[in-house]
1. Quick check on VAL24: is it closer than 15 Å to MET89 by Cβ, among the aliphatic types (A, V, I, L, M) and either surrounded by fewer than 19 Cβ atoms within 10 Å (Cβ to Cβ) or touching a residue at least 60 places away in the same chain (Cβ under 8 Å) (or both)?
2. Tell me which of these MET1 doesn't satisfy, since it passes every other one: (1) touching a Phe, Trp or Tyr at 6+ places or on another chain (Cβ under 9 Å); (2) aliphatic (A, V, I, L, M); (3) at pLDDT 95 or above.
3. What number goes with the only condition from (1) part of a loop (DSSP other than H, G, I, E, B); (2) among the acidic types (Asp, Glu); (3) out of contact with any strand residue (DSSP E or B) (no Cβ under 6 Å at 6 or more places or on another chain) that ASP8 does not pass?
4. Considering every residue within segment 80-103, establish whether at least one is part of a strand (DSSP E or B), within 15 Å of the chain's Cα centre (by Cα) and within 15 Å of GLU121 (Cα to Cα).
5. List every residue pair whose Cβ atoms lie under 6 Å apart, where the two residues are 6 or more positions apart in sequence or sit on different chains, the first residue falls within segment 79-95 and is free of Cβ contacts under 8 Å to residues at least 60 places away in the same chain, and the second residue, located anywhere, is buried (at least 16 other Cβ atoms within 10 Å of the Cβ) and in a helix (DSSP H, G or I).
6. Can you find even one residue in segment 31-42 that is over 18 Å from ALA125 (Cα atoms) and surrounded by fewer than 17 Cβ atoms within 10 Å (Cβ to Cβ)?
7. Would you tally the residues in segment 27-53 being under 25 Å from LEU99 (Cα atoms), in contact (Cβ under 8 Å) with a residue 12 or more places away in the chain and not charged (D, E, K, R)?
8. Name the one entry in ARG56, ARG109, ARG65, ARG102 that is surrounded by fewer than 19 Cβ atoms within 10 Å (Cβ to Cβ) and at pLDDT 95 or above.
Amino acid sequence: MELKDLGDPQYIALETFRKSGEGVVTPVWTVAENGKLFVWTMGGSWKAKRIRKNSRVRLAASDARGKPKGGWVEAQARILDAPEEEAKMRRRLAAKYGLMYRLFGLMARLRGGGDGHIVLEISPA
């Protein structure tokens, strides 16, 4: 299975790797564009920290809890932290997830969060 075979699922299980090699799976929203997948996350999240140390990731289409619905795909992740990348990602997410994205954004702002996001660009391995 290849990255392009995933299509543009609503959720993916994103597996990142600890120093020990142990995988950690996290369900995330994703947007497919130009043969790559894009994920929006907090810059200080554990998945972002693990990707900074090891760009290898695995992906599978999943349900909202991260339970894979199909086979795993090997890929490479890269962090895009420029402000224009965050703005572009917000537009992508709003177009794909609509009201659900806006509600989650509102809840994050009410909790005092919502700043410090980065974009993960995921490409074929």
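1. No: the conditions fail for VAL24.
2. Result: MET1 fails condition (3) only.
3. Among (1) part of a loop (DSSP other than H, G, I, E, B); (2) among the acidic types (Asp, Glu); (3) out of contact with any strand residue (DSSP E or B) (no Cβ under 6 Å at 6 or more places or on another chain), ASP8 violates only (3).
4. Yes; the residues of segment 80-103 include at least one that is part of a strand (DSSP E or B), within 15 Å of the chain's Cα centre (by Cα) and within 15 Å of GLU121 (Cα to Cα).
5. ALA94/TYR101
6. yes
7. Selection size over segment 27-53: 13.
8. Only one candidate passes the filter, namely ARG56.
The values are calculated or read from the model by the stated rules, or taken from the named source; none is laboratory data. Keep in mind that what you see is a predicted model, and the values were worked out from it rather than measured. Because the Cβ atoms are built from the backbone with ideal geometry, glycine has one as well, and the counts that use them run over all protein chains shown.
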